[in-house]
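J.: The structure's right below; bear with me while I get my questions together.
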Amino acid sequence: MGLPEALPHLKGHEWQAVRAVYLLFAAITAAVVVVSLWFNTIDTFRNTPNSVAFGFRMQSPSGDAGRVDVSAVTPAAKIYGLHEGDRIKAIDGAPMASKFAVGSALGSAGDRIGLTVSRAGQADATITLSRSPSPWTQVFDGEALWLDRSFWYLALNLPPPLLLAASLLLFLRRGRTRIAMLFAFGFLLLCYRSAFTVWALPAIPADYRIALVKIGWAVCFIAAAGMPDARYRTRLAKLIFVIAPLPLLATGAFWPQVSPATLYVIDRSLYFGTMAYAAMVMLQRYGMTPDVTSRQRLQWAMTGACISAACALVFIDALWLTPARLIGVSATDVVLHLGNIASTLALPLGAVASLLGLRLFDAESTLHKSVVYSVVTAVVLAFAAGAGKIAGDFGKELAGNAGGALVGAIIIAAVVDPVRKRASGWAERTFRSGVLALRDTLPQLLAELRLTARPGEIADIVLTRVERDAHATSAAIVIDGAPLRLRGIDEAALDQWLAGWSPPAGDGIDYDRNDTLLPMRIPLSIEERGVSGWLFLGPKPEKSAYDSAERDALSRIGQPVARALHHAALREARERRDRENWERLERLLEPHRG
């Protein structure tokens, strides 16, 4: 007895219990995310600039929100006696109990304050500081505050809402699917990352929040190894239940005995090892899966895992070992923040795309258009700011202000159009190679095949190319009402469908997205005969639509296919007549031989 193709969906009391636990946990997590977003916004746009205005930055140690320490100091504040590590006790005599109290007091203070601080082994000291008129341009460690805080805020506040939204989306769309619910719970746990929730959960030590995140990654790795049907079919796949918890267990075991640097190396090594193992299991499953749709879903998940690992390894871990002077402190921090976002979100987004069956082939079209628009926009902006300005100034000398503007516009247009064409061509070759092959390569091939190949051979080649390049799940060529070649559909089903279909009156393609069997119908017509047959295509995987570029390419192959089949049929008929004539002549000459 073999294993079933997939584990049954959650149902009955099991589903009710999972649903109740998830909704409770999701509600708590949503509250934590909202509170974190609120406090992080206040901290970024009020507390930080208010403290920087007086020459210092501040932080609260993890797990002690009631303590406020000075974390960085400007040269001017150092002259007045303020040092990194000083603990803020009071402002103008008013005691300060939290970072937010300090930020509020600094915002309402005048141009000068008396900052009372304490230092280990020394008496409290009150330092007089003056307000700076432009805190956002203050520089710490070679980096302006506006740059640091912008990317810090993005890295801090973008992942949790997206993770929460991805979790809720999986619950609402695939709630009864076991793999989807594993990912949904894992995404909720990832929202408790210490940096995200430091203000929302001040009473919970950072170590416990870190443990929640490690559990979340373990759950995600286990779910990824079970893609796409929650069936762990091989020993390699089953071992993920042992390997996934190792980062959590090892960190807990080594934490009291080793230095933070050693612990970091152990933790990251186990993290990457576990992710690589999950990817290896998915790759093994990919090789064992013949179904096209399942393979595409695995591709989404594997792509997300690889991007997540690459961003974490290259843009985070490698930069810790790179001296900041080599690429600049600002560049280092920006890349760190962006890498943090990508490494956190890539695997979850890949899993969501996989489980929700997002349309990979629609994404190809989106990528193509996005690249073209991005390149053209960048060129327009750059050229308008540079060469266009020069051309405009030159034109003003010749024809006044209006003439200068016209000259600049003409030159920009003359440059942008070739750039647009080049960008479009490159993006099309990169992201829409299938459309390019249908539109340009197939007609050229058919022009050669009609001279040598038989109609059935031509039909086989056409169906193979169309299935591959248009991503059709089935295809058929019908000539004079009779099937010539079929792919992915049997003749009985085709006959039944043809009985209920009426060809359109026009001569263009007939596309009905709501038809689940053969939505795309391309007429095969030539001037000599009119419409002699039809090329029928089934739906794409995941039932995605044929976009405008694909419809345009398919409309262009109807006549070349019809002409190739017509000429091949004429040639085959002529060869058959010649062969019959030779055979008749042979029979007539036979009695007169020897």
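FYI, it's all coordinate maths here, none of it is from the lab. The structure presented is a predicted model; accordingly, all values stated were derived computationally and were not measured. Reconstructed Cβ throughout: ideal geometry from the backbone, glycine too, with neighbour counts over all protein chains shown.
J.: Let me check I have the definition right: for region 460-520, take the eigenvalues of the Cα gyration tensor, multiply each by 5, take square roots. What are those semi-axes in whole Å, largest first?
T.: Each semi-axis is the square root of five times an eigenvalue, giving 18, 15, 12 Å.
J.: Go from 0 up to the bin containing the longest alpha carbon distance in region 206-249, width 5 Å each, and give me the % of pairs per bin.
T.: P(r) over region 206-249, rounded to whole percents: 5, 25, 27, 19, 12, 7, 3, 1.
J.: While we're here: Suppose the chain between Thr289 and Asp552 were pulled fully straight at 0.36 nm per residue; how much longer would it get relative to their current alpha carbon spacing?
T.: Once the chain is fully extended between Thr289 and Asp552, it gains 91.4 nm.
J.: Once phi is turned into θ = phi - 60°, what whole-Hz ³J(HN,Hα) does the Karplus curve with 6.51, -1.76 and 1.60 give for every residue of region 31-44, x standing for Gly and Pro?
T.: For region 31-44, the Karplus-derived couplings read 5, 4, 5, 5, 5, 4, 4, 5, 5, 5, 5, 4, 5, 6 Hz, x marking Gly and Pro.
J.: What pairs in Lys214/Lys238; Lys214/Lys540; Lys238/Lys540 have C-alpha atoms more than 28 Å from each other?
T.: Long pairs (Cα-Cα over 28 Å): Lys214/Lys540; Lys238/Lys540.
J.: Evaluate 2.2 N^0.38 Å with N set to the residue count of region 440-581, then give the Cα radius of gyration divided by it.
T.: Relative to the rule-of-thumb radius for its length, region 440-581 sits at 1.04.
J.: Expected output is a single nm value to one decimal: the length gained when fully extending between Ser259 and Arg587, i.e. 0.36 nm times separation in residues minus the C-alpha distance. What is it?
T.: 108.1 nm
J.: Order of 17-30, 496-509, 148-161 by packing, highest average Cβ count within 10 Å first?
T.: Those peptides, ordered most packed to least, come out 148-161, 17-30, 496-509.
J.: Run the numbers on region 487-594 and let me know its relative contact order in percent, using alpha-carbon pairs under 8 Å that are six or more apart.
T.: 18 percent
J.: Ala276 to Leu154: FRET efficiency via 1/(1 + (r/R0)^6), r the Cβ-Cβ distance, R0 35 Å, to the nearest 0.05?
T.: That pair, Ala276 with Leu154, gives E of 0.80.
J.: Also: Apply the Karplus curve 6.51 cos²θ - 1.76 cosθ + 1.60, θ = phi - 60°, to the phi angles in region 585-592 and return the couplings in whole Hz, x for Gly and Pro.
T.: Once θ is set to phi - 60°, the couplings for region 585-592 become 5, 4, 5, 5, 7, 4, x, 8 Hz.
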